[in-house]
Amino acid sequence: MYEAFIGPERAGYYLPLFERFDAGGKAASWNWPAALITQWWLLYRGMYLWCFVFYPILYALAMFTVIAVMIAIAGTADSTIGYLITLPGSFVLMGLYGNKIFHRHVRRVIGRSERLGLSGQARREWLIRRSSGNSVFVFVVLLLSAAVIGILVMVVIPACQDYSIRSQVYEGALLSEPLKPAIARYYADKRDFPADNQSAGLPKPAALHGKYVQQMEVVNGIILATYGGDAASRRIALGVLAYVPEAAGSAAAIAWQCNTPATTLPNKYLPQACWK
């Protein structure tokens, strides 16, 4: 019955292990697919509850436990570090006990075939069909997964990259805010815009920088945020976000325009206030 469900091509590997488990031998063994591609292996072997419910729940509980310990020790925790700590443990445990989990699954399926009241040969045929049905299901799931991955690659991942770039560009908008009052005061006093940072009473351009902004320069009242440093995309590295001042009524009132020819960044990366 074991061989009927497992298939003759894998019986040589699993049958000796199952005989040991049935005899009360140690539960630990090693299965590389169970360790390295755990959920795909569970899916292929027809253990759907383990694949979609038990394994994810156990993994989440383990990660939350690791994070709770990190918080208790250090007072803070990083979910990424918790994930990296939990992952190797998951590999080891599933590699060691995957065969035992599969053994219990196979015994449950064989017990179900026994309760059907079939003859020995009919039970074997039922188990073969059951195993073949698992393979068809896995094939369909693989096709659907490929389609989902394709959608992620084409739509979601570029959208996430654009969001990341916009968040970096926004740093220029934040750094420009302290500069605007200085330029407005200069205009209120002289009815003209400052020629450079020094005229506006501001530090040198290179002294005004951030993680993604290389410098903040004032040129005839225009604030130029030039990107570099850790900018994640060449699409914004050395690009410029420009805030152009326009006098608006009173002497101290300045309107700032950033979607102008002086801005060299693609429009989709600009802060929302720049959109027209």
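The values are calculated or read from the model by the stated rules, or taken from the named source; none is laboratory data. Not measured: the values here are computed from a predicted model. No Cβ is skipped: glycine too gets one built from the backbone with ideal geometry, and neighbour counts run over all protein chains shown.
Yes or no: residue 206 of a type in the set (Gly, Ala, Ser), out of contact with any Leu (no Cβ under 9 Å at 6 or more places or on another chain) and loosely packed, with under 15 Cβ neighbours inside 10 Å? When the stated conditions are applied, residue 206 passes them. Residues that are part of a helix (DSSP H, G or I) and either assigned by TED's automatic domain parsing to the domain that holds residue 17 or in contact (Cβ under 8 Å) with a residue 60 or more places away in the chain (or both) do occur in the stretch 117-124.
Going by the structure shown, is residue 150 loosely packed, with under 14 Cβ neighbours inside 10 Å, at pLDDT 90 or above and in a helix (DSSP H, G or I)? So residue 150 fails the test. Annotation note: Cβ proximity below 8 Å between a residue of the stretch 83-109 that is among the hydrophobic types (A, V, I, L, M, F, W, C) and a residue that is surrounded by fewer than 16 Cβ atoms within 10 Å (Cβ to Cβ) (sequence gap 6+ or interchain) occurs for 91/36; 96/28; 96/30.
Scanning the stretch 4-33 for residues that are part of a loop (DSSP other than H, G, I, E, B) and surrounded by 13 or more Cβ atoms within 10 Å (Cβ to Cβ) yields a count of 4.
Candidates in the stretch 34-47 are the residues that are in contact (Cβ under 8 Å) with a residue 40 or more places away in the chain and of a type in the set (Phe, Trp, Tyr); of these, the one that is surrounded by the most Cβ atoms within 10 Å (Cβ to Cβ) is 41. Which of the residues spanning the stretch 7-32 are aliphatic (A, V, I, L, M) and in contact with a helix residue (DSSP H, G or I) (Cβ under 7 Å, 6 or more places away or on another chain)? Across the stretch 7-32, the qualifying residues are 11, 15, 17, 27, 28.
It is to be established whether one or more residues within the stretch 93-115 are farther than 19 Å from residue 130 by Cα, modelled with pLDDT of 90 or more and surrounded by fewer than 15 Cβ atoms within 10 Å (Cβ to Cβ). Within the stretch 93-115, not a single residue is farther than 19 Å from residue 130 by Cα, modelled with pLDDT of 90 or more and surrounded by fewer than 15 Cβ atoms within 10 Å (Cβ to Cβ). Just to be sure before I move on: is residue 214 closer than 23 Å to residue 274 by Cα and outside the structural domain of residue 270 (by TED's automatic domain parsing) in the structure I sent? Spelling it out, it is not the case that residue 214 is closer than 23 Å to residue 274 by Cα and outside the structural domain of residue 270 (by TED's automatic domain parsing). With respect to the conditions (1) surrounded by fewer than 20 Cβ atoms within 10 Å (Cβ to Cβ); (2) in a helix (DSSP H, G or I), residue 172 lacks only one, and its number is (1). Considering the conditions (1) within 20 Å of residue 275 (Cβ to Cβ); (2) in a helix (DSSP H, G or I), residue 259 is excluded by exactly one of them, (2). Among the residues of the stretch 189-202, those that are surrounded by 13 or more Cβ atoms within 10 Å (Cβ to Cβ) and either closer than 22 Å to residue 273 by Cβ or free of Cβ contacts under 8 Å to residues at least 24 places away in the same chain (or both) comprise 193, 196, 197, 199, 200, 202. Could you list all residues from the stretch 4-32 that are free of Cβ contacts under 8 Å to residues at least 60 places away in the same chain and within 39 Å of the chain's Cα centre (by Cα)? Passing the criteria: 9, 10, 11, 13, 26. Output the residue which, of all residues in the stretch 48-61 that are surrounded by 17 or more Cβ atoms within 10 Å (Cβ to Cβ) and either within 11 Å of residue 101 (Cβ to Cβ) or among the hydrophobic types (A, V, I, L, M, F, W, C) (or both), is modelled with the lowest pLDDT. Ranking the qualifying residues of the stretch 48-61, first place goes to 51. Does residue 86 count as in the same structural domain as residue 102 (by TED's automatic domain parsing), surrounded by fewer than 12 Cβ atoms within 10 Å (Cβ to Cβ), of a type outside the set (A, V, I, L, M) and in a helix (DSSP H, G or I)? So residue 86 fails the test.
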